[in-house]
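This report concerns only the one structure given below.
The values are calculated or read from the model by the stated rules, or taken from the named source; none is laboratory data. Small disclaimer: the values here were computed from a predicted structure and weren't measured. For neighbour counting, all protein chains shown are included, and Cβ atoms are generated from backbone atoms with ideal geometry for every residue, glycine included.
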Amino acid sequence: MKDVVVIGGGPSGLATASELGKRGYQVILLERNDELGGLLQQCIHDGFGTILFGESMSGPEFADIFISRVRDEGVEIKLKAYVKSVKKKGGHFNITTVTPKGIEELKSKSVVYAIGCRERNQFEIKIGGTRPSGIYTAGTVQRLVNLYGILPGKDVVILGGGDVGMIVARHLFLEGVNSILMVYPEEFFSGLPRNAQQCILDFDIPYRPRTIVRSILGDKKVKGVELIEVDEDWQPIKGTEERYSCDSVILSVGLIPYSEKLEDLGAKIDENTSGPMVNEYFETTVDGVFSVGNLIQIFDYVDDAVKTSFIAAEGVERYLEKEDEKNLGIKLKPGDNVRTVTPQRIDQTTDEKFSAFFRPEIEKENPKVEIVSGDDVLERHVKRYVRPSMLEEISVSKDILLGENEVFIDVR
Amino acid sequence: MGINAKVKRTLDEFPSDVSFEVKDNVVFLEGKVKEYRDWVKIGSEIGDIDGVEGVVNNLECEGKELTDIEKVIDKSKGKENIRIGKYDVVIIGGGIIGCALARELSRYEIEVALVEKEPDVSLGQSRANNGMIHPGLAPSKDSLKRFLNIKGNEMYEDLCEELDVPFKRVGSLILITPRTMKEYKKYIPNPIYKFFLKYILPWIVKKKGDLNGVEDIEILRGSEIHEEEKNVTQDVLAAVKIPSTGIVDPYQLTIALFENAEKNGVDFYLETKAVDFVKHNRAVKRVITEKGTLECEYVVNAAGLYSDFVAELAGAREFTIHPRKGVELLFNKRLNGWIDRCLAELKIPSHPTSKGGGINPTVHGNIIWGPTAEEIVDRNDASVEREKIEEIMERYSSIIPDFPKEEFIRYFAGVRAATFTEDFVIRPAKWVKNFLHVAGIQSPGIASVPAIAEYSIEQLKNMGLKLKEDESFDGTRTSIDRVAEMDEDVLERKIEEDSRWGNIVCTCEMVSEAEIIEAVKRGADSFDAIKRRTRAGMGECQESYCLLRISEIISREMDIPLNEVKKEWRDSEFFDGFVRGEEL
């Protein structure tokens, strides 16, 4: 019987596994791919590690730090490992894996899900038209260009004005495509301002706000797209259709936590984050099942995603050592001008403070961030500037929550 | 009144300048109409006339010229001087019909060839439908459709068993709700309206089914309905339960028929477009294709959407295809369990752009909504308009109102090869001796497949084809083993033999590297061909994880560079050149 099985060898899985190894637990790390590092391996741009390590690294460099750590801490690693099922039986878990070495039944006292997210595809955003070759998600393009040295096409339309789309646009520009057009339904780029500047504006890459791809054109290969303008509610405006020639369409239209496997295990899912509901140690609603990184919600920085690993490692230790007290179950919810909040509940009284992550719905200078119960403001935080593209973190005192049923995070 | 008089009377109702000619009960229309809508309407009304066996609609209208035969078939590309072979029967078209007929003919000691313009079988309407094996309730009593549907439906267990293709006789419910005849509601007092819907209409539907030869139809009311299907709308008044309805994976079945026919000696020529025929003494002697010439004793026209063009090349044009598009929405497997049977809400009169459709389970555990029905000009147009997706979500949600209708993972369109008589056209050509039409196959075409194959062979026999059973015929075929459906001890053994069975490359559908390799070995040479044979890429992420990983396996197994891996056709390679300054 192992102490913990960590599913997913991306940054947050690596960090969780190494941290638990360091704390002396027997850890198995399962990864479906043939290498560790997850999405970071295809992110050759820099900007990783500025929060955790105070220096800007590429994705693979950042991953390497944690890959060395899991190896140093003696974590047992299984690559090309497909998790067929996870079943809770009594106080432990039976995990069935399929690998090129065979089928293996693992037993562990706890499980950490670190399976991240997937990219939204053309169907989820109802792009019409034909289905030729030449439509890719941004992640596929990153892999294609950075790992294989192959371009998706020569004339590219990128749908989505977020960070990934902007970074891919810059990459393709530098790698020599003929033309790039970026379109997105928002009024402004939805990614970080620094990316808008460094990836799009600095290279004079053309962009069109309030525009989406209505249809794909072409039978065998993409021949173009039909663009259409949208209003403030992202509804297409009739009469603004325009045909635009291109040979590939790249979708960077959002990430969705891979929460279905957890749902199958009985974990409750938060409609706002699309990830599992977790407590302050990132334990899901199923005892002994934890969740870290982008599976909880989509983080802007890998550094923040990895922070959840350290907190969850603490939670796993408390679970394994049976240090948990009664579950308080105080609910934490998004209040005024807030879209998402994690954790969604507070269970334990230990530790004075906990980290709460929230995504604001508005852009505002010097806003007040308030922890509210009914009409009472329990605690007030000050932020310099908030915007929807930036996930915010606050450190909340636990004692103020005691006795409450549910509290809200408001931004004013 | 003769056909001439009836046609004339029908045409008098239209203001247009249309002339006609009748030859052997086939009506030829000449002239001009304004809109495509009129083109379809006139054709349909003539097709409805009793005794009319075909409508050749040569009317001109705006936009129609885009789909002229010359746009599709270039006779000058035919390679007349290259002889490919000599066959007793040449089948034109590798859809489910052509493949089923090829397999059926492979039981006999004759030489059979099939030519298909696309690089794989099943690329027309055979791949883009909901796989429903209809019970035979909808077609009219005297139609060929009804006869073949009832018979074909009964043959499905045996066929799918032999070919190792999943088939489920799930049954269906036709739901009668307050919306069923809502256009008449205002003319009828509510209690009478409800009484009619609850007690009379189900009986009428059952009676029609009984008369058609559909067996074991039951009428359900009240709680009986929700005991059968817990999630159907609460306001359902009655339901007609039909146990014989089934479901199948239409492209897997087509591929299975193809593989088995090939095993039994049929020569398949894929990516080989027939562009002309050489005739002598009112009989086709040679089929000219873009790759060479096939000598033949008999020709079968199973060209689906292009069957009227193929007929025209042979001088056997007795009908015109008016393409009718249908869009379907496919839902996440996780919703498996929401319904057990095929469900449809009866609407009288039927919806102008969608005559039927409903909510069906698939054999793989998905749920599928649709199809719509829309007359279109361009038979090659399988595009889906954004608005159609919303229309389907709106239209079928009244059947199971609580269903999470936003959780679809894909949508697609298929184009039905409808003729104006709207019945199957399975008969010897009227003016060519050795040419058999197996055309106009639309719903319930898939359900009728096994019977169509048998019936077509009867026709060929009547035309003089001599058939002697081939004792070496082996009607069995096995599918590619699926890791997702394998018992653990079997999988364990397979991985021991070959570790690639344990390398899962599509995690949504749990498909292993070994399955991909097996598909390539069986002749799949594109991503989509592999997808249809293994289900890789058909899960919720829709290829975003496995596209590159599988392309890499294809590239390795076929020994081609990654940027030459194609989606389906030549000229549909996925990736472009190399990044600046790099070569592989």
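Since B:G337 meets every condition but one in (1) modelled with pLDDT of 95 or more; (2) at positive phi, which condition does it not meet?
Here B:G337 meets the rest and fails (1).
Going by the structure shown, is A:G47 within 18 Å of the chain's Cα centre (by Cα) and more than 14 Å from chain B (Cβ to nearest Cβ)?
yes
Among the residues of the range A:8-42, which ones are under 16 Å from the mean Cα position of the chain (by Cα), hydrophobic (A, V, I, L, M, F, W, C) and surrounded by fewer than 24 Cβ atoms within 10 Å (Cβ to Cβ)?
A:L39, A:L40, listed by residue number.
Just wondering, is there one or more residues in the range A:222-244 that are outside the structural domain of A:Q42 (by TED's automatic domain parsing), more than 20 Å from B:R386 (Cβ to Cβ) and either buried (at least 16 other Cβ atoms within 10 Å of the Cβ) or touching a residue at least 40 places away in the same chain (Cβ under 8 Å) (or both)?
The answer is no; no qualifying residue exists.
Check the range B:386-406 and report whether any residue there is closer than 25 Å to B:L66 by Cβ, within 14 Å of chain A (Cβ to nearest Cβ), surrounded by 18 or more Cβ atoms within 10 Å (Cβ to Cβ) and in contact with a helix residue (DSSP H, G or I) (Cβ under 6 Å, 6 or more places away or on another chain).
No, every residue in the range B:386-406 fails to be closer than 25 Å to B:L66 by Cβ, within 14 Å of chain A (Cβ to nearest Cβ), surrounded by 18 or more Cβ atoms within 10 Å (Cβ to Cβ) and in contact with a helix residue (DSSP H, G or I) (Cβ under 6 Å, 6 or more places away or on another chain).
Looking at A:V372, A:V407, can you tell me which residue is more than 23 Å from the chain's Cα centre (by Cα), touching a residue at least 40 places away in the same chain (Cβ under 8 Å), assigned to a strand (DSSP E or B) and at negative phi?
Just one listed residue meets the conditions, A:V407.
Does B:S448 satisfy the criteria of being buried (at least 24 other Cβ atoms within 10 Å of the Cβ), in contact with a Leu (Cβ under 6 Å, 6 or more places away or on another chain) and either away from chain A (no Cβ under 14 Å) or not in a loop (DSSP other than H, G, I, E, B) (or both)?
Spelling it out, B:S448 is indeed buried (at least 24 other Cβ atoms within 10 Å of the Cβ), in contact with a Leu (Cβ under 6 Å, 6 or more places away or on another chain) and either away from chain A (no Cβ under 14 Å) or not in a loop (DSSP other than H, G, I, E, B) (or both).
Got a sec? Which helices (runs of 4 or more DSSP H) wholly within the range B:1-97 have at least 3 residues that are surrounded by 14 or more Cβ atoms within 10 Å (Cβ to Cβ), within 24 Å of the chain's Cα centre (by Cα) and not assigned by TED's automatic domain parsing to the domain that holds B:Y269?
B:36-48
Quick check on this structure: which one of B:I255, B:I247, B:I219, B:I225 is touching a Gly at 6+ places or on another chain (Cβ under 7 Å) and of a type in the set (V, I, T)?
B:I247
Considering only residues that are of a type in the set (D, E, K, R) and at pLDDT below 95, look in the range B:553-571 and name the one that is farthest from B:G124 (Cα to Cα).
Filtering first and then ranking leaves B:E564.
Counting just the residues of the range B:538-584 that are touching a residue at least 12 places away in the same chain (Cβ under 8 Å), assigned to a helix (DSSP H, G or I) and more than 8 Å from chain A (Cβ to nearest Cβ), which one comes out surrounded by the fewest Cβ atoms within 10 Å (Cβ to Cβ)?
Within the range B:538-584, the match that is surrounded by the fewest Cβ atoms within 10 Å (Cβ to Cβ) is B:M558.
Can you tell me which residue is nearest to the chain's Cα centre (by Cα) among those in the range B:406-424 that are assigned to a loop (DSSP other than H, G, I, E, B) and in contact (Cβ under 8 Å) with a residue 60 or more places away in the chain?
Of everything passing the filter in the range B:406-424, B:F424 is nearest to the chain's Cα centre (by Cα).
Which residue out of B:E116, B:E154 is under 21 Å from B:G304 (Cβ atoms) and of a type in the set (D, E)?
Result of the check over B:E116, B:E154: B:E116.
Can we say B:D402 is out of contact with any Asp or Glu (no Cβ under 6 Å at 6 or more places or on another chain) and acidic (D, E)?
yes
Search the range B:489-502 for residues that are within 14 Å of B:E513 (Cα to Cα) and pair each with any residue that is of a type in the set (V, I, T) and outside any helix (DSSP H, G or I) when their beta-carbon atoms are under 8 Å apart and the residues are at least 6 apart or on different chains.
Every condition considered, the pairs that remain are B:L491/A:V98; B:L491/A:I103; B:I495/A:V98; B:I495/A:I103; B:G502/A:V98; B:G502/A:T99; B:G502/A:I103.
Could you tell me which of the residues B:A514, B:A519 is away from every other protein chain (no Cβ under 13 Å) and among the aliphatic types (A, V, I, L, M)?
Residue meeting the stated conditions: B:A519.
Got a number for residues in the range A:125-181 being facing chain B (nearest Cβ under 8 Å) and touching a residue at least 60 places away in the same chain (Cβ under 8 Å)?
15
Across the range A:131-187, what is the number of residues that are part of a loop (DSSP other than H, G, I, E, B) and crowded, with 21+ Cβ neighbours inside 10 Å?
12
Out of the range B:432-441, which residues are farther than 12 Å from B:Y298 by Cα and in contact with an Asp or Glu (Cβ under 8 Å, 6 or more places away or on another chain)?
B:A439, B:G440
If a residue counts only when it is on the phi < 0 side of the Ramachandran plot, in contact (Cβ under 8 Å) with a residue 24 or more places away in the chain and over 32 Å from the mean Cα position of the chain (by Cα), which helices (runs of 4 or more DSSP H) contained entirely in the range B:168-236 have at least 3 such residues?
Hits in the range B:168-236: none.
How many residues does the range B:468-523 hold that are within 31 Å of the chain's Cα centre (by Cα) and part of a helix (DSSP H, G or I)?
12
What about A:V306, is it touching an Asp or Glu at 6+ places or on another chain (Cβ under 9 Å), crowded, with 18+ Cβ neighbours inside 10 Å and not in a strand (DSSP E or B)?
no
All but one of (1) touching a Gly at 6+ places or on another chain (Cβ under 6 Å); (2) of a type in the set (D, E); (3) crowded, with 19+ Cβ neighbours inside 10 Å hold for B:E262, so report the exception by its number.
Every listed condition holds for B:E262 apart from (1).
Any idea which of B:G370, B:G357, B:G414 is out of contact with any helix residue (DSSP H, G or I) (no Cβ under 9 Å at 6 or more places or on another chain) and either hydrophobic (A, V, I, L, M, F, W, C) or under 27 Å from B:V449 (Cβ atoms) (or both)?
Every option except B:G414 fails the conditions.
Hey, any hits in the range B:338-352 for a residue that's in contact (Cβ under 8 Å) with a residue 24 or more places away in the chain, β-branched (V, I, T) and not assigned by TED's automatic domain parsing to the domain that holds B:L105?
Yes, that holds for at least one residue.
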